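Peer 1: Could you have a look at this structure, given as structure tokens, before my questions?
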Amino acid sequence: MFLRNNRFVRQIFSSFLDLAPILVVVLVFQIAVIQQPIPDVLDLIVGSLFVVLGLTFFMLGLEQSLFPIGESMAYAFAKKGSLFWLLVFSFCLGFGTTVAEPALIAVASEAANVAAKGDVIANTESAINQYALGLRLTVAASVGFAILIGVLRIIRGWPLHYIIIGGYCMIVAMTPFAPAEIIGIAYDSGGVTTSTITVPLVTALGVGLASSIKGRNPMIDGFGLIAFASLTPMIFVMAYGMLI
Amino acid sequence: MTDWLIHFSQDFLETCRDVLPIVAIIIGFQVLVIRKPILHPAQTFLGFLNVLIGITFFLDGLKMALFPLGELMATQLTAPEFLGIAANTEQADWHNYLWVYLFAASIGFATTLAEPSLLAVAVKAEEISGGAIGAWGLRIAVSIGVAFGISLGAYRIVTGTELYYYIIAGYIVVMIQTIFAPKLIIGLAYDSGGVTTSTVTVPLVAALGLGLASTVPGRNPLLDGFGLIAFASLFPIITVLAYAQLAEWRNKKRNSSNQSPSK
């Protein structure tokens, strides 16, 4: 119990260190540049304490659950030796974690509004909702596909940079043909897909796979899944914009 | 107090709903495909609960303290009165927005340091590399990338240049760096682009982008407000690759100066 307490205290302290820069930036700008009193000082203090507490719990839970789960599943799949189920799992993990992502839902509805104003689709509620849903499913499918390809890459040992550079070339080639309204959204959608829970889980999965397969180096082969997950949405969203 | 409790439990339930698909997938595959009991179920469950509580507190705190203030600052800094420009000018002069770039850079740097996903990846990287890649070094490299990316993105919104020129130029830099960078870092560097933009950074950056696009004359918030996140996920790749090259170069120099390889 003492040990746990001790870890907890240490974690709180390091969480506070993580948050300190934000507070410094906000305070300095507010006082020195904007030169206006800070509204709701009490809320700011309580909120900051919450953030510190939240980071602390998150980091403790990460080591206890998300990392071990991701790794033990990777080992179990590697031992089972069924490539098919591993790929199904990868796709489901990517699709399932992305389709419910709050940031994505927000960006998709924003994008639908842009499309409606730009006369790409009819300016009615149902058309907008349909467009937003289609976009969400597109991005989720693209992330599922990305994790699938990424896992296949770890197993086969393909070099990461060829695939990424190939992806970049595809984005560059598609950009001139995609409608102007979708480009900004497509580029942004790559960034919003990877949430706070997906990242640790997917990282642990990749690293676990790379360390349980002979001849793979976890440092070289274990990373890269998130890179795929932020690359494919750009391609898929631009394709979606071209088709509609 | 009861108000707050209700509010908190609502947020907690929302977080639970967001992670429900993930839990369903993990349990489904564990039971149906792997067909083995989860090791240490109690500890795993407790850890998962910790993660949920952590995210809820984190988001609640952000909503209470940082988001309103960040959004307020974004609007205050981009207001024409603050910048000292006449409201009816046709063309924006990018010199007038120096404070905005500085704010964009500092808030990008600070929020990235506190980003939980980045912390997770940095911890993992330090663990696997046996300490060769320090968690702090990585986080600072990524934060510098985000800071630079967001202030460049703000500059782009002010000047109204095309988004894809910058992105394509960034890609070319990444490709060239990939050839020269140590192979060990490449996967990690590519990944660090994706992890920077989640819970903390996206709302603040989006507020800044929309604030800028709606106050700078001649910009359309619907078209020009997007794109900052793309900058924030491209530039960390460049800075992490640069960090690795720098570390390697320093090691080489040290090794050649005192013969015996230092560890």
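Peer 1: Output the residue which, of all residues in region A:51-66 that are within 13 Å of residue A:20 (Cα to Cα) and at the interface with another protein chain (Cβ under 7 Å from one of its Cβ atoms), is surrounded by the fewest Cβ atoms within 10 Å (Cβ to Cβ).
Peer 2: This residue is A:55.
Peer 1: If we scan region A:28-41, do we find a residue that is closer than 30 Å to residue B:19 by Cβ, of a type in the set (A, V, I, L, M), free of Cβ contacts under 8 Å to residues at least 12 places away in the same chain and more than 7 Å from chain B (Cβ to nearest Cβ)?
Peer 2: No - not one qualifying residue is present in region A:28-41.
Peer 1: State which residue pairs qualify: first residue closer than 21 Å to residue B:54 by Cβ and inside region A:58-82, second residue among the hydroxyl-bearing types (Ser, Thr, Tyr) and buried (at least 23 other Cβ atoms within 10 Å of the Cβ) in any location, beta carbons under 8 Å apart, and separation of 6 or more residues or different chains.
Peer 2: Taking only residues 6 or more apart or on different chains, the pairs are A:58/A:196; A:59/A:15; A:70/A:203.
Peer 1: Got a sec? Which of B:187, B:170 is in a helix (DSSP H, G or I), within 9 Å of chain A (Cβ to nearest Cβ) and more than 14 Å from the chain's Cα centre (by Cα)?
Peer 2: Just one listed residue meets the conditions, B:187.
Peer 1: For region A:133-147: of the residues being of a type in the set (A, V, I, L, M) and surrounded by fewer than 22 Cβ atoms within 10 Å (Cβ to Cβ), which is nearest to residue A:216 (Cα to Cα)?
Peer 2: Among residues in region A:133-147 that are of a type in the set (A, V, I, L, M) and surrounded by fewer than 22 Cβ atoms within 10 Å (Cβ to Cβ), the one nearest to residue A:216 (Cα to Cα) is A:141.
For every residue, the table says whether it meets (1) within 12 Å of chain B (Cβ to nearest Cβ); (2) at pLDDT below 90; (3) closer than 21 Å to residue A:236 by Cβ.
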site: A:74; (1), (2), (3): yes, yes, no
site: A:87; (1), (2), (3): yes, no, yes
site: A:109; (1), (2), (3): no, yes, yes
site: A:112; (1), (2), (3): yes, yes, yes
site: A:115; (1), (2), (3): yes, yes, yes
site: A:118; (1), (2), (3): yes, yes, yes
site: A:135; (1), (2), (3): no, yes, yes
site: A:138; (1), (2), (3): no, no, yes
site: A:153; (1), (2), (3): yes, no, yes
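Peer 1: Quick check on region A:185-198. Is at least one of its residues without any contact (Cβ under 8 Å) to a residue 24 or more places away in the chain and of a type outside the set (A, V, I, L, M, F, W, C)?
Peer 2: Quick first cut of region A:185-198, residues without any contact (Cβ under 8 Å) to a residue 24 or more places away in the chain only: none.
Checked against the condition, which is being without any contact (Cβ under 8 Å) to a residue 24 or more places away in the chain and of a type outside the set (A, V, I, L, M, F, W, C), region A:185-198 yields no hits at all.
Peer 1: I'd like to know if region A:169-180 contains one or more residues that are over 30 Å from residue B:20 (Cβ atoms), at the interface with chain B (Cβ under 7 Å from one of its Cβ atoms), surrounded by fewer than 19 Cβ atoms within 10 Å (Cβ to Cβ) and not basic (Lys, Arg). Give the steps one after another, and end with the answer.
Peer 2: Going residue by residue through region A:169-180, those that are over 30 Å from residue B:20 (Cβ atoms) are A:169-180.
Now restrict to residues that are at the interface with chain B (Cβ under 7 Å from one of its Cβ atoms): A:172, A:175.
Remaining after also requiring surrounded by fewer than 19 Cβ atoms within 10 Å (Cβ to Cβ): A:172.
Going one step further and asking which of them are not basic (Lys, Arg), we end up with A:172.
Looking for residues that are over 30 Å from residue B:20 (Cβ atoms), at the interface with chain B (Cβ under 7 Å from one of its Cβ atoms), surrounded by fewer than 19 Cβ atoms within 10 Å (Cβ to Cβ) and not basic (Lys, Arg), one finds at least one in region A:169-180, hence yes.
Peer 1: If I filter region B:70-102 down to residues being within 12 Å of chain A (Cβ to nearest Cβ) and within 18 Å of the chain's Cα centre (by Cα), which single residue comes out as modelled with the highest pLDDT? Break it down into steps so the answer makes sense when it comes.
Peer 2: Here is the first cut: in region B:70-102, the residues within 12 Å of chain A (Cβ to nearest Cβ) are B:70-79, B:81-83, B:98-100, B:102.
Of the ones still in play, those that are also within 18 Å of the chain's Cα centre (by Cα) are B:70-71, B:74, B:102.
Details: B:70: 71, B:71: 72, B:74: 74, B:102: 88.
Here the answer is B:102.
Peer 1: Out of curiosity, is residue A:16 surrounded by fewer than 22 Cβ atoms within 10 Å (Cβ to Cβ) and either over 26 Å from residue B:12 (Cβ atoms) or more than 9 Å from every other protein chain (Cβ to nearest Cβ) (or both)?
Peer 2: yes
Peer 1: Also, I was wondering about something else. Which pairs have Cβ atoms under 6 Å, sit 6 or more apart or on different chains, and link a residue in region B:1-23 that is among the polar types (S, T, N, Q) to one that is assigned to a helix (DSSP H, G or I)?
Peer 2: Within 6 Å, the pairs are B:15/B:52; B:15/B:55; B:15/B:56.
Peer 1: A further question follows. What number of residues within region B:103-116 satisfy the criterion of being surrounded by fewer than 24 Cβ atoms within 10 Å (Cβ to Cβ) and either modelled with pLDDT under 85 or more than 9 Å from the chain's Cα centre (by Cα) (or both)?
Peer 2: 2
Peer 1: Kindly provide the set of residues from region A:189-244 that are at the interface with chain B (Cβ under 8 Å from one of its Cβ atoms), small (Gly, Ala, Ser) and either assigned to a loop (DSSP other than H, G, I, E, B) or touching an Asp or Glu at 6+ places or on another chain (Cβ under 7 Å) (or both), ordered by number.
Peer 2: A:195, A:204, A:222, A:224, A:227
Peer 1: Kindly indicate which of A:114, A:88, A:143 is over 22 Å from the mean Cα position of the chain (by Cα) and assigned to a helix (DSSP H, G or I).
Peer 2: A:114
Peer 1: Being within 7 Å of chain A (Cβ to nearest Cβ) and either over 30 Å from residue B:103 (Cβ atoms) or in a helix (DSSP H, G or I) (or both) narrows it down to one residue among B:8, B:58, B:45, B:67; which is it? First the steps, then the outcome.
Peer 2: Working: B:8 fails: within 7 Å of chain A (Cβ to nearest Cβ); B:45 fails: within 7 Å of chain A (Cβ to nearest Cβ); B:67 fails: within 7 Å of chain A (Cβ to nearest Cβ).
None of the others qualify; the one that does is B:58.
The values are calculated or read from the model by the stated rules, or taken from the named source; none is laboratory data. This structure is a prediction, so every number in the text was calculated from the model and none was measured. Positions of Cβ are generated from backbone atoms using ideal geometry, with glycine treated the same way; all protein chains shown enter the neighbour counts.
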